[in-house]
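Accompanying notes for the structure given below.
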Amino acid sequence: MKKTIAVLLALVFAFAAFTGCAQPAAQEPAAEEPAAEAPAAEEAPAEEAAPENIQLESLTLYFVPSREPDEIVTITEPLKELLKTEMANQGYDVGAVEIFVGTTYEAVGEALAAGTADIGFGMPGGTYVLYDDGADVILTSTRDGLSKDSDNAKDWNDGQPTLPSEEQAVSYRALMIAGPSEKGQAVAAKVNAGEELTWDDINGLNWSVMNSSSSAGYIYPALWMQERYGKGITDLANAVQSDSYGSAFARLASGQVDALMTYADARRDYEEKWTTEYARTASIWEETNVIGVTPGIYNDTITVSKTVPYMDDALKAALQEAFINIAATPEGQEVIAIYSHNGYQKAVSSEYDNERAAQELIQSLSN
């Protein structure tokens, strides 16, 4: 019996050993794979800091006195803030803009040469070339063309206003205009009858002229006289210098002078004053007549001083862009209209070589 039990126990243990070996081995848990790293976000390039504006304590502008000084100062007052704003856009912070009106055209040139003015505004080409050792032209003005632009004086005398045209012009003419005095009307009658004027006709008039650097008020009329009569302004028996075109027209209206020399659209500028401040009863177009017409004169300039140390090429370029942009705004148009300017284009000194030749001729005639 014991032997039988022992055999049975042996079989049980053998079976248990067999089944235990047949079971699959327990698997160790798989090691966790590291999570895939998210791609690093690309770093945005660091923004470059905008360069700081250059600081200028002030800019000083001198205007030529082609209109009444008080009128110029009043109308150009908005230019102070317009220029500061636009120069900031060009990289310059200007502390103050100061505006002055020169007592003469030459005074503006002298201020530029001395460095007391940074910018000369409205200076005629004839004045600029006299002071180009100390001044540099940066812009030439553009103007409305005119409805009348004939070489023949009679064509200007239809009693109707000269009107602006849509064409922009970079040159203008000088006119010699006779007023309502008896002598002025007599000479005008000869012109309107198609007769050529003699030197005696010209010399018999009392003239208002501008200073000797004024293109329209002196230089080109002098060349006109030289070409026709071999005479100059210094040969006139009676000529008085006016300090502005306003005072010249006032003298013409009162009969103090019989004729004056001026720019082609001057009568448009003084049309209202003719019958108000100057107390005439008929219009300026009826009472005045053109008796001489010059060839075209290159337009007014904006110039800068060569003397001030900070007036480098970068500042000149900024001023060019600033004035061009200002002229393209309604506010800017109101300011520059006082000189009959419509806009500006970049200029170079060589464009005024004809003015240099004219000045040389004037100087030779004066010697």
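The values are calculated or read from the model by the stated rules, or taken from the named source; none is laboratory data. If you're wondering where the values come from, they're calculated on a predicted model, not measured in any experiment. As a convention, Cβ positions derive from the backbone with ideal geometry for all residues, glycine included, and neighbour counts pool all protein chains shown.
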So ASP313, is it of a type in the set (D, E, K, R) and surrounded by 15 or more Cβ atoms within 10 Å (Cβ to Cβ): no
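For the structure I just gave you, tell me whether GLU57 is part of a strand (DSSP E or B) and of a type in the set (D, E, K, R). Walk me through how you get there before you give the answer.
Working: part of a strand (DSSP E or B): yes; of a type in the set (D, E, K, R): yes.
Answer is yes for this residue.
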Reported set for the stretch 87-114 where residues are small (Gly, Ala, Ser) and in a strand (DSSP E or B) is GLY95, ALA96
Across the stretch 137-164, which residue is farthest from ILE291 (Cα to Cα) among those that are touching a helix residue (DSSP H, G or I) at 6+ places or on another chain (Cβ under 7 Å) and charged (D, E, K, R)? LYS148
If you go through the stretch 296-309 one residue at a time, do you hit one that is touching a Lys or Arg at 6+ places or on another chain (Cβ under 7 Å), surrounded by fewer than 17 Cβ atoms within 10 Å (Cβ to Cβ) and under 28 Å from ALA107 (Cβ atoms)? yes
Is there a residue in the stretch 319-333 that is outside any helix (DSSP H, G or I), farther than 22 Å from GLU68 by Cβ and either hydroxyl-bearing (Ser, Thr, Tyr) or at pLDDT below 95 (or both)? yes
Condition check: closer than 26 Å to TYR245 by Cα and β-branched (Val, Ile, Thr). Does ILE324 satisfy that? no
In this structure, is THR74 among the polar types (S, T, N, Q) and surrounded by fewer than 18 Cβ atoms within 10 Å (Cβ to Cβ)? yes
The listed residue being surrounded by fewer than 24 Cβ atoms within 10 Å (Cβ to Cβ), closer than 29 Å to THR103 by Cα and in contact (Cβ under 8 Å) with a residue 12 or more places away in the chain, out of GLY179, GLY232: GLY232
Check the stretch 319-340 and report whether any residue there is over 30 Å from ASP93 (Cβ atoms) and surrounded by fewer than 19 Cβ atoms within 10 Å (Cβ to Cβ). no
Can you say whether TYR298 is over 20 Å from ARG143 (Cβ atoms) and not small (Gly, Ala, Ser), as far as the supplied structure shows? no
Close pairs (6 angstrom Cβ cut-off, 6 or more residues apart or separate chains): more than 16 Å from GLY296 (Cα to Cα) in the stretch 141-168, in a strand (DSSP E or B) anywhere: ASN157/ASN289; ASN157/VAL290; THR162/LEU146; PRO164/ASP144; SER165/GLY145
Restricting the search to the stretch 341-360, which residues are exposed (fewer than 15 other Cβ atoms within 10 Å of the Cβ) and aliphatic (A, V, I, L, M)? VAL348, ALA357
